[in-house]
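Asks: Mind having a look at this structure? Questions to follow.
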Amino acid sequence: MKKILSVLLLLCLFLTACSKDGPAETEIFAMDTYMRIRIWGDNDLLHDAVDEIRRLERLFSVTDEDSEVYALNQTGNAELSADTAEILEQAITLSERTAGAFDPTVYPLVSAWGFTTGEAHVLTREELDVLLPLVGTEHLRLEGAAAALTDGAQVDLGGIAKGYTAQKCLELLSEKGVQTAMLSLGGNVQTLGTKPDGTAWIIGIANPEAPSEAIATLTFTGSMAIVTSGGYQRYFDLDGTRYHHILNPETGIPAETGLSSVTILTQDGATADALSTALYVMGMERGIEFWRESNDFEAVFITQSGTIYATEGAAPLLGGCEFEEITR
Ligand code: ADP
Ligand code: MG
């Protein structure tokens, strides 16, 4: 008992010390990934941030039998709570904006490939012919809080949920008076404000060949969402071929466009997440075209041959590597 008390005391001292000189921080496992939360200022709010992440995870999980997405996928109909309706609406909008490269109805394919069941399986032409007609946002109707799917269609928020969660979590902290925070939810980083000492945020972009190491850094101050999608994040190898988890919704197979990752920089977390998945599917050429038609994000592409390309708004922030700049 004494030992526990002294450990608790030490922990309290540690947290107080952290809040004076730096952030209070905690790490959790949620949405199938490690997440780190850092808040400058009020330690107590770490709990609120963790609760918010867990609350959204319980709504959006495709595998948790108590989630709203699970209920929708099982019955084809569901009355949704505000967050699930909002994320679905955003997902549909981003799917339309990216001409279906990001598609929240890919679940029949994701599940058949075994990415959520753990039973890796390479889809045959016959299986693809059965599943592909079930994919497309025309199969998902959303009217206010009421969602409906056509027979056999299923929703997967895996390409947007972490970004949406980071966004909502930071909005909550901001409402509670937090001025500076940083979330790192798997490949999704989002910052709020600027550190009290005025120093810049330095965010690493993972090396696709060695994901625990950074291949480059992004340096900036203020609020920003930075999300990377890459085939290296989740995959299985079978008979010498690698199959990763980002599917081209048109073909039903893992997107192979010569890229090993795409990083998106923008203000909204959910948008960053969906666009990183979408541009990975589009590939560099279509991705650059899409960037030129847009004005709300910047991007860093890493090709399979290891060349790094940065759009002109991302280029001034990028360091630690050689890269080519893409101009408008
Ligand atoms: P990660 O979840 O590893 O950070 P992404 O944000 O790119 O990576 O999301 C990939 C996940 O999104 C997949 O595991 C799958 O659940 C789902 N998904 C796969 N392909 C697509 C797609 N084309 N559009 C939308 N979601 C997708
Ligand atoms: Mg994504």
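Asks: Give a residue-ordered list of calculated ³J(HN,Hα) values for region 93-100 (Karplus: 6.51 cos²θ - 1.76 cosθ + 1.60, θ = phi - 60°; whole Hz; x for Gly, Pro).
Replies: 3J(HN,Hα) across region 93-100, in whole Hz: 4, 6, 5, 5, 4, 9, 6, x.
Asks: Could you identify which residue out of Asn188, Asn73, Asn295 has the top mean-square fluctuation in a GNM of the chain using Cα springs shorter than 10 Å?
Replies: Residue with maximal mean-square fluctuation among Asn188, Asn73, Asn295: Asn295.
Asks: Per-residue HN-Hα couplings for region 168-174, Karplus 6.51 cos²θ - 1.76 cosθ + 1.60 at θ = phi - 60°, whole Hz, x for Gly and Pro?
Replies: 5, 5, 6, 4, 4, 4, 5
Asks: Taking the Cα centre of each part, how many Å lie between region 248-280 and region 56-82?
Replies: If you average the Cα positions of each part, the centres end up 24 Å apart.
Asks: I would also like to ask the following. Calculate the spin-label point distance for Asp64 paired with Glu119, positioning each point 7 Å from the Cα along the beta-carbon direction, and give it in nanometres.
Replies: 2.4
Asks: Give the long-range amide H neighbours of Asn43: residues separated by 5 or more places, or on another chain, with amide H under 5 Å away, using H modelled in the peptide plane at 1.01 Å from N.
Replies: So Asn43 has HN proximity to no qualifying residue.
Asks: At a 1.4 Å probe radius, carbon and sulfur cover how many percent of the accessible area of the chain?
Replies: Details: 7800 of 15440 Å².
Carbon plus sulfur share of accessible area: 51 percent.
Asks: Another question, then. Taking only C-alpha pairs under 8 Å that are 6+ residues apart, what is the relative contact order of region 248-328 in percent? Mind showing how you got there, number by number?
Replies: Details: 109 pairs, mean separation 22.3, N = 81.
In percent, rounded to a whole number, it is 28.
Asks: Percent of alpha carbon pairs in region 248-295 separated by more than 18 Å? Numbers along the way, then the final one.
Replies: Details: 299 of 1128 pairs.
Summing the P(r) tail past 18 Å for region 248-295 gives 27 percent.
Asks: Enumerate the calculated ³J(HN,Hα) couplings along region 238-251 in order (Karplus 6.51 cos²θ - 1.76 cosθ + 1.60, θ = phi - 60°), each rounded to whole Hz, writing x wherever the residue is Gly or Pro.
Replies: Coupling constants for region 238-251: 9, 6, x, 10, 9, 10, 9, 8, 9, 9, 7, x, 7, 9 Hz.
Asks: While we're looking at this one, here's another question. Mean residue ellipticity at 222 nm from the helices of the chain, using -39,500 (n - 2.57) per DSSP H segment of n ≥ 4 over the full residue count, to the nearest 500 deg cm²/dmol?
Replies: On the way: 8 runs with 114 residues, N = 328.
My calculation for the chain gives -11500 deg cm²/dmol from helical runs alone.
Asks: Bin all alpha-carbon pair distances of region 10-164 at 10 Å intervals from 0 and give each bin's fraction as a whole percent.
Replies: Histogramming region 10-164 at 10 Å steps yields 10, 34, 28, 16, 9, 3, 0 percent.
Asks: How far is the Cα center of region 95-174 from the Cα center of region 302-324, in Å?
Replies: With region 95-174 and region 302-324 each reduced to a Cα centre, they are spaced 30 Å.
Asks: What accessible area per residue comes out for the chain, rounded to a whole number of Å², with a 1.4 Å probe?
Replies: Values: 15440 Å² over 328 residues.
For the chain, the solvent-accessible area averages 47 Å² per residue.
Asks: Return the loop-located GluC sites (Glu not before Pro) in region 279-328 (DSSP other than H, G, I, E, B) with at most 10 other Cβ atoms within 10 Å of their own Cβ; answer none if there are none. Before the final figure, lay out the partial values.
Replies: Values: sites: Glu285, Glu289, Glu293, Glu298, Glu312, Glu322, Glu324, Glu325; in loops: Glu312, Glu322.
Of the GluC sites (Glu not before Pro), the ones in loops of region 279-328 whose Cβ has at most 10 other Cβ atoms within 10 Å are Glu322.
Asks: Going by the alpha-carbon gyration tensor, a ≥ b ≥ c the square roots of its eigenvalues, is the chain rounded (a/c under 1.5) or, if a/c is not under 1.5, prolate (a/b greater than b/c) versus oblate?
Replies: Details: a/c = 1.71, a/b = 1.26, b/c = 1.36.
Oblate shape, in that a/c is at least 1.5 and b/c is the bigger or equal ratio.
Asks: For region 148-254, just say rounded, prolate or oblate: build the C-alpha gyration tensor, square-root its eigenvalues into a ≥ b ≥ c, call rounded for a/c under 1.5, and beyond that prolate if a/b exceeds b/c, oblate if not.
Replies: Since a/c reaches 1.5 but b/c is at least a/b, the shape of region 148-254 is classed as oblate.
Asks: Then there is this: Report the Rg/Rh value for region 217-328, based on alpha-carbon coordinates and the Kirkwood definition of Rh. It would help to have the intermediate numbers written out before the result.
Replies: Values: Rg = 14.0 Å, Rh = 14.4 Å.
Here the Rg-to-Rh quotient is 0.97.
The values are calculated or read from the model by the stated rules, or taken from the named source; none is laboratory data. For clarity, every value in this text was computed on a predicted model and none was experimentally measured. Note that we place each Cβ from the backbone using ideal geometry, even for glycine, and neighbour counts take in every protein chain shown. Accessible surface is based on the protein model in full, side chains and every heavy atom, while ligands, DNA and RNA are left aside. Shrake-Rupley method; radii C 1.70, N 1.55, O 1.52, S 1.80 Å.
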